[in-house]
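Everything below concerns the one structure shown next.
The values are calculated or read from the model by the stated rules, or taken from the named source; none is laboratory data. Predicted model only: the values in this text are computed from it and were never measured. In this analysis, Cβ positions are derived from the backbone assuming ideal geometry, glycine residues included, and neighbour counts consider all displayed protein chains.
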């Protein structure tokens, strides 16, 4: 069906014989017959014993809905410029399809609107939000969560848990056993609100510490604007500021987001603590830390362009599947000069 909706098979085109289709898609005859019968039932194909199977006339181009705040809150999304670029690239890559960007408020008020689309691309905060989309669609597999690896869905995402595991492990390998390992545990204004990405990254941190039998400390940090997980949000790190870092061994602070980096660096400076000497620090998505802070911050960089490209590839494939996109860790403070 993807080849029909994407326009690679035009109305009136004749499908190859079944033996060729079996080789092309590496499947069984039972599976192939079932798929063809479903497409015939949905009027994507027409079949005749005498002439063969053809693409039905007047097949519409594939319709894709991208659910995003870009239409409603462009200012907030600009603060998350990586996501803004990802959406723009995604729309460019899908230019052979009919793509609509729908604001979340419209989807909530008109859930049946989603039934008009072949695929739904969404960046939901949590599984409850995603489940509300699933109710509106007949085929759950047509929902593609963007950068959210929810089980049971054909997501395209960073492996947030593994990325944080690898970042944490880099410090645990190098720092002495007596070093204090601190994780900034994100709390939102609403204590019952859970956002999936911070939860996955926290799990990855705990995984790494457990594997190396290291003690760790979870320090609560808060974003003072409810549900705005951006670098421009005001961060409350008072619980971290209450700690003492005057030991003889360096400490390590790991953050799930660059939201807290400015506040942490300011605290270290005011306390007379040297970055990557007295206290090591790392975060996520800090592409231009030297420009913004004067320091080369150790950071996990997500490949947002790769996520957009992978979605386009997925929609061109014959079968959807979950997909993790590689990430990069930059500015290893333990690497020798020239090896970073």
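Restricting the range 95-111 to residues that are without any contact (Cβ under 8 Å) to a residue 12 or more places away in the chain and under 23 Å from the mean Cα position of the chain (by Cα), which is surrounded by the fewest Cβ atoms within 10 Å (Cβ to Cβ)?
95
Among (1) part of a loop (DSSP other than H, G, I, E, B); (2) surrounded by 18 or more Cβ atoms within 10 Å (Cβ to Cβ), where does residue 144 come up short?
Of everything listed in (1) part of a loop (DSSP other than H, G, I, E, B); (2) surrounded by 18 or more Cβ atoms within 10 Å (Cβ to Cβ), residue 144 misses just condition (1).
Could you say which residue among 167, 175, 218 is surrounded by 20 or more Cβ atoms within 10 Å (Cβ to Cβ) and either within 22 Å of the chain's Cα centre (by Cα) or modelled with pLDDT of 95 or more (or both)?
On the way: 175 fails: surrounded by 20 or more Cβ atoms within 10 Å (Cβ to Cβ); 218 fails: surrounded by 20 or more Cβ atoms within 10 Å (Cβ to Cβ).
Exactly one of 167, 175, 218 is surrounded by 20 or more Cβ atoms within 10 Å (Cβ to Cβ) and either within 22 Å of the chain's Cα centre (by Cα) or modelled with pLDDT of 95 or more (or both), namely 167.
State yes or no: is residue 272 free of Cβ contacts under 8 Å to residues at least 40 places away in the same chain, outside any loop (DSSP other than H, G, I, E, B) and more than 20 Å from residue 171 (Cβ to Cβ)?
no
Quick grid of which residues meet (1) more than 30 Å from residue 202 (Cβ to Cβ); (2) out of contact with any strand residue (DSSP E or B) (no Cβ under 7 Å at 6 or more places or on another chain); (3) at pLDDT below 80:
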position: 85; (1), (2), (3): no, yes, no
position: 97; (1), (2), (3): yes, no, no
position: 125; (1), (2), (3): no, yes, yes
position: 148; (1), (2), (3): no, no, no
position: 159; (1), (2), (3): no, no, no
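With (1) part of a loop (DSSP other than H, G, I, E, B); (2) modelled with pLDDT of 75 or more; (3) within 30 Å of residue 109 (Cβ to Cβ) as the list, and residue 69 as the residue in question, which single condition is left unmet?
Exception for residue 69: condition (2).
Go through the range 277-314 and give me each residue that's on the phi > 0 side of the Ramachandran plot and surrounded by fewer than 16 Cβ atoms within 10 Å (Cβ to Cβ).
Correct list: 294 only.
Could you please let me know if residue 90 is surrounded by 15 or more Cβ atoms within 10 Å (Cβ to Cβ) and modelled with pLDDT of 85 or more?
yes
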